[in-house]
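What follows draws every value from the coordinates through simple rules; no lab data is involved. Since this is a predicted model, take the numbers as computed values, not measurements. Positions of Cβ are generated from backbone atoms using ideal geometry, with glycine treated the same way; all protein chains shown enter the neighbour counts.
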Amino acid sequence: MKLEAARRATSGMALVARGLRVAYAQPLFEHLDVAVARGDRIAVVGPNGAGKSTLLSVLAGRRAPDAGSVKLMPGMTTAYFSQDAADELPRGCSAVEAVLDGATIVPEEARSLLGRLGLGGDAGDKPVEAFSGGERRRIMLARLMARSADLLFLDEPTNDLDIASREALETVLAAYGGAMIVVSHDRYLLRRLAERVIWLRDGRSTTIENGYERFEALQREHRSEQPEPAVTAKLPSPAILEREERLARERRARELAACEREVARLDEERARLEREFTDPAIYEDRALVQRLERDLQAARDAVEAAYERWEAMS
């Protein structure tokens, strides 16, 4: 099961929102800026009623903010998965037909997607009305995977999924090359996917870099300032320990890959500067030569430091 972006993840922006505000009796959020680069993975978290799904709906263009603007970059294609996704299935068609609607795959692939989500065999030929609410959400997830999109909006995508289906979906999303904004209470999903967190609470918003684990660390610091009654600690099960270790391995692999990309980028910059010194014309401008010498030395120092980081991580 694989989820493809309509185009390969590249540099540049996918979506830019400025000065967003939504309020009912009190503001859910205000003065909120969101910049989503292509390939970004952003989690929206906070207590119930903080406005997470509302923010996702605003960013997806499904509702207008009370103030502010949202701009989707030209050529970007999006897909939206809501908590009410089951109600959006077309009536009177089979599960396979629902997956194929607007998709870029063939029927055999649609059946394979449904099978990986626990709806294999003859279930693909049943009408969508015959499925339970949780099963219809799985059909909607299969529809999402069958469409090419550059930016995904996901609202509680793992609700009502069994463990096998949840892990299959997590694996698909982890390998996805486009951008995504995810609202979820599934900490395992967020620890595996999120590179940035938007934290909504009490009408305020905070953007936290360096992944979901950094957000968890900040939460622990916040709770330590407000002592709670002691509770008896429970030892995690072997399955949870194994999953935690797998998440840690995957996180280290992502960090190492990012470091390798940084080494390659810096090395390319160093090589570019060295090529400039092969042009005899530059030596007519002494100031230019001095600037290039400084830039080249800085580039060499940056490459050396990046290599040391890479060696340490390896």
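Numbers at a glance
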{"quantity": "Extension gain (nm, one decimal) between S132 and A175, 0.36 nm per residue minus Cα-Cα", "calculated": "12.6 nm"}
{"quantity": "Stretchable slack from M73 to Q297, in nm (0.36 nm times residue separation minus alpha-carbon distance)", "calculated": "76.9 nm"}
{"quantity": "Relative contact order [Cα under 8 Å, 6+ residues apart], the chain, whole percent", "calculated": "21"}
{"quantity": "FRET efficiency, 1/(1 + (r/R0)^6) with R0 35 Å, evaluated for A312 and D285 via beta carbons", "calculated": "0.30"}
{"quantity": "Spin-label model distance (nm) - E97 vs R201, 7 Å beyond Cα toward Cβ", "calculated": "4.8"}
{"quantity": "Mean Cβ count within 10 Å, highest first, over the residues of peptides 300-309, 74-83", "calculated": "74-83, 300-309"}
{"quantity": "Inter-centroid distance (Cα atoms) of segment 263-314 relative to segment 147-181, Å", "calculated": "40"}
{"quantity": "Difference of contour (0.36 nm per residue) and Cα-Cα distance, E304 to S112", "calculated": "64.4 nm"}
{"quantity": "Protection-proxy order for peptides 98-107, 23-32, 152-161, each taking the mean of Cβ atoms within 10 Å per residue, highest first", "calculated": "152-161, 98-107, 23-32"}
{"quantity": "Computed magnitude of the charge dipole of the chain (debye, nearest 20; Cβ of K, R +1, Cβ of D, E -1)", "calculated": "480"}
{"quantity": "Listed peptides 246-252, 281-287 by packing density, highest first (mean Cβ within 10 Å)", "calculated": "246-252, 281-287"}
{"quantity": "Calculated FRET value between S148 and Q219, using beta carbons and R₀ = 35 Å, to 0.05", "calculated": "0.45"}
